[in-house]
Amino acid sequence: MLCCIILQNPGVMGRPWYGGDMERSEAETALRRINKDGCFLVRRSSSQNQTQPYTLAVLYHDHIYNIPIRAVGNHGFSLGKEGKRHEEVFPSVVHLIEHYQQEPLNLVNRQTSERECTALLYPAVV
């Protein structure tokens, strides 16, 4: 069933923020080339897992956040790991990205535990 969601999510192809099968290091290079807070891209998850098909990479305050984009059953897509009490679910990855281009995205730095937020402002053209 999850494979159907991924196959029905062709809207990511051709988007200026979609990097496809790029490696994490390539994504980081693309973000650092733009080097502005809120620049971002979506790439295929390196795990190639149907429950986590994509990763959102965001640059903010010189730190790159790699956030899993998770398929939520056949309901859509959500950010982060499983197990949250409340999560926003979007019908497609495009809807998710468009939402966070208008609304702040909460970021947690795993190294410092600092909480910050930014909108997705600058697509990393790949």
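The values are calculated or read from the model by the stated rules, or taken from the named source; none is laboratory data. Source: prediction; values computed, not measured. Heads up, the Cβs are rebuilt from the backbone with ideal geometry, glycines too, and the neighbour counts pull from every protein chain shown.
Structure data summary
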{"item": "Residue check for Arg70: among the charged types (D, E, K, R) and either surrounded by 15 or more Cβ atoms within 10 Å (Cβ to Cβ) or on the phi > 0 side of the Ramachandran plot (or both)", "result": "yes"}
{"item": "Wholly within the range 1-110, helices (runs of 4 or more DSSP H) carrying at least 1 residues that are at pLDDT 90 or above and basic (Lys, Arg)", "result": "24-34"}
{"item": "Residue in the range 81-107 that is surrounded by the fewest Cβ atoms within 10 Å (Cβ to Cβ), counting only those that are in contact with an Asp or Glu (Cβ under 9 Å, 6 or more places away or on another chain) and free of Cβ contacts under 8 Å to residues at least 24 places away in the same chain", "result": "Asn106"}
{"item": "Number of the condition not met by Tyr54 [criteria: (1) loosely packed, with under 13 Cβ neighbours inside 10 Å; (2) out of contact with any Leu (no Cβ under 8 Å at 6 or more places or on another chain); (3) touching a residue at least 40 places away in the same chain (Cβ under 8 Å); (4) within 21 Å of Arg15 (Cβ to Cβ)]", "result": "(1)"}
{"item": "The listed residue being in contact with a helix residue (DSSP H, G or I) (Cβ under 8 Å, 6 or more places away or on another chain) and not β-branched (Val, Ile, Thr), out of Gly73, Gly80", "result": "Gly73"}
